[in-house]
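**Student:** Please find one structure pasted underneath; my questions will follow.
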Amino acid sequence: MDLTRRAALGALALAASFGLAGPAAAQTTLKWAHVYEANEPYHTWALWAAEEFKKRTNGKYTIEVYPASTLGKESDINEGLSLGTVDIILTGQLFAGRAYGPLAIGGAPYMFRDFAHWQAFRNSDLFKELGEGYKKRTGHDVVALTYYGERHVTANKDITKPEDMKGLKIRVPDAPLYTMFPRAVGANPTPIAFAEVYLALSQGVADAQENPLPTIQAKKFYEVQKNIILTGHITDALLTIVSGSTAQRLTDEERQTLYSLLKEAADKCTDDIVKAEKELVSWFRQQGKNVVEVDRAPFREATVKLHNGPDATWDKDIYDRLQAIGASN
């Protein structure tokens, strides 16, 4: 093959990879990764957004959604945004906070008074500013925030007060701020990758874990844990983040369409999680689980004193602004 023909074919291959080589090769595939199960609302609404984006770009783009840590654990997919191995991710705030500390504040324990406070934060100028800070640091776009649910403790040990958690080996995600609540109540936080939690509980590597009710159901943690203690220690959420290099490849109209769909998917998923939380207490009791409604005040009191301590990745001004949101309502 002569050099001219080789160069021409190389140019065509490169153009095809960016969807520029004519109708037959115009389709571009984007990768969307997360660590949640295929039967969870996060995946369902990601698939919906993917299908809608394909329709609205007349098939120019397809989005392949990879659930259940298929493309790696949470830290891997965050790194993948910069490596070019993923285009879109759903991720916890504390993982994104490794790149820009202030963004982690929404994932800290007992940071929010209730769901209404979280919702007000989600729609606030402060949240937009935190997203802009993350973009300046990484180049990636924080597009949406999806409610993940209140995180509760599950254990085979009976727990009704903070002292009952002393020495408890509790699995937490592998991000430093997740250890704040366990340490505040004297437990031993044990970081374990999400995909390995069920096995760790069943083999006694961990005595307990903490997650929202829909996740406890989807991951079947209740099969190997007797008690569900409604500590509600984190009002948790997931960020939808789009790689900066991917965003730059889209036209303004395509980017606007994609981001609008990602926000709509976050809203619809949030509604599903709120509904599931309301229904699952009775469902778990029907499965024979001991669902314990504890007095959260002592758990909260033990934790809030750490909010602006050495673990804080935000400054006092950001903390005070967050606490002031909706306080007069």
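**Student:** Among all residue pairs at least 6 apart or on different chains, which show Cβ distances below 7 Å where the first residue, located in segment 128-145, is more than 19 Å from L83 (Cβ to Cβ) and the second is aromatic (F, W, Y)?
**Tutor:** Cβ pairs passing all conditions: G133/Y100; V143/Y259; L145/F127.
**Student:** Specify which of the listed residues (T154, T231, T240) is among the polar types (S, T, N, Q), within 14 Å of the chain's Cα centre (by Cα) and on the phi < 0 side of the Ramachandran plot.
**Tutor:** Numbers: T154 fails: within 14 Å of the chain's Cα centre (by Cα); T231 fails: within 14 Å of the chain's Cα centre (by Cα).
The unique qualifying residue is T240.
**Student:** Here is a further query. Considering only residues that are open to solvent by 40 Å² or more (accessible area, probe 1.4 Å) and assigned to a helix (DSSP H, G or I), look in segment 280-296 and name the one that is farthest from D320 (Cα to Cα). Don't jump to the end; show me each part of the working.
**Tutor:** Going residue by residue through segment 280-296, those that are open to solvent by 40 Å² or more (accessible area, probe 1.4 Å) are 282-283, 285-290, 293, 295-296.
Okay, now just the ones that are also assigned to a helix (DSSP H, G or I), so 282-283, 285-286.
Working: S282: 37, W283: 38, R285: 39, Q286: 42 Å.
The selected residue is Q286.
**Student:** I need a count of the residues in segment 157-177 that are under 26 Å from the mean Cα position of the chain (by Cα) and at pLDDT 95 or above. I'd like the intermediate steps shown before the answer.
**Tutor:** Residues of segment 157-177 that are under 26 Å from the mean Cα position of the chain (by Cα), as a first pass: 165, 168-177.
Those left that are additionally at pLDDT 95 or above: 165, 168-172.
Residues meeting the conditions: 6.
**Student:** To continue, here is another question. List the residue pairs whose Cβ atoms are under 8 Å apart, where the first residue sits in segment 56-76 and is farther than 19 Å from K219 by Cβ, the second is modelled with pLDDT of 95 or more and of a type in the set (F, W, Y), and the two are 6 or more positions apart or on different chains.
**Tutor:** Y61/F53; I63/W32; I63/F53; E64/W32
**Student:** Let me ask another. Out of all the residues in segment 129-144, is one or more on the phi < 0 side of the Ramachandran plot, touching a strand residue (DSSP E or B) at 6+ places or on another chain (Cβ under 8 Å) and of a type in the set (S, T, N, Q)?
**Tutor:** no
**Student:** I need a count of the residues in segment 168-185 that are part of a loop (DSSP other than H, G, I, E, B) and open to solvent by 40 Å² or more (accessible area, probe 1.4 Å).
**Tutor:** As a first pass, look at segment 168-185 and keep what is part of a loop (DSSP other than H, G, I, E, B): 168, 173-175, 185.
Narrowing the set further to residues that are open to solvent by 40 Å² or more (accessible area, probe 1.4 Å) leaves 174.
Matching residues across segment 168-185 total 1.
**Student:** Which pairs do you get when a residue that is over 12 Å from A108 (Cα atoms) and touching a residue at least 24 places away in the same chain (Cβ under 8 Å), found in segment 283-309, comes within reach of a residue that is part of a helix (DSSP H, G or I) and not β-branched (V, I, T), reach meaning Cβ atoms under 6 angstrom, with the pair 6+ apart or on two chains?
**Tutor:** Short answer, once both residue conditions are applied: K289/Y222; V291/F284; V291/R285; P298/P162; F299/P162; A302/P162; A302/A184.
**Student:** Now for a separate question. For E277, state whether it is touching a residue at least 12 places away in the same chain (Cβ under 8 Å), touching a strand residue (DSSP E or B) at 6+ places or on another chain (Cβ under 7 Å) and open to solvent by 70 Å² or more (accessible area, probe 1.4 Å). Walk me through how you get there before you give the answer.
**Tutor:** Values: touching a residue at least 12 places away in the same chain (Cβ under 8 Å): yes; touching a strand residue (DSSP E or B) at 6+ places or on another chain (Cβ under 7 Å): yes; open to solvent by 70 Å² or more (accessible area, probe 1.4 Å): no.
So E277 does not fit the description; no.
**Student:** Over 20 Å from A265 (Cβ atoms) and open to solvent by less than 10 Å² (accessible area, probe 1.4 Å): does that describe A120? Spell out the reasoning first.
**Tutor:** Working: over 20 Å from A265 (Cβ atoms): yes; open to solvent by less than 10 Å² (accessible area, probe 1.4 Å): no.
No; evaluated as a whole, the condition is false for this residue.
**Student:** Please work out if G84 is more than 24 Å from D317 (Cβ to Cβ), open to solvent by 40 Å² or more (accessible area, probe 1.4 Å) and small (G, A, S).
**Tutor:** Working: more than 24 Å from D317 (Cβ to Cβ): yes; open to solvent by 40 Å² or more (accessible area, probe 1.4 Å): yes; small (G, A, S): yes.
Criteria met by G84.
**Student:** Something else: Let me confirm something: among A302, A312, which residue is aliphatic (A, V, I, L, M), surrounded by 17 or more Cβ atoms within 10 Å (Cβ to Cβ) and over 22 Å from the mean Cα position of the chain (by Cα)? Don't jump to the end; show me each part of the working.
**Tutor:** Values: A312 fails: over 22 Å from the mean Cα position of the chain (by Cα).
Criteria check complete, one pass: A302.
The values are calculated or read from the model by the stated rules, or taken from the named source; none is laboratory data. Quick caveat: nothing in here was measured; it's all calculated off a predicted structure. With ideal geometry, Cβ positions are generated from the backbone for all residues, glycine too; neighbour counts draw on all protein chains shown. Accessible surface is based on the protein model in full, side chains and every heavy atom, while ligands, DNA and RNA are left aside. Shrake-Rupley method; radii C 1.70, N 1.55, O 1.52, S 1.80 Å.
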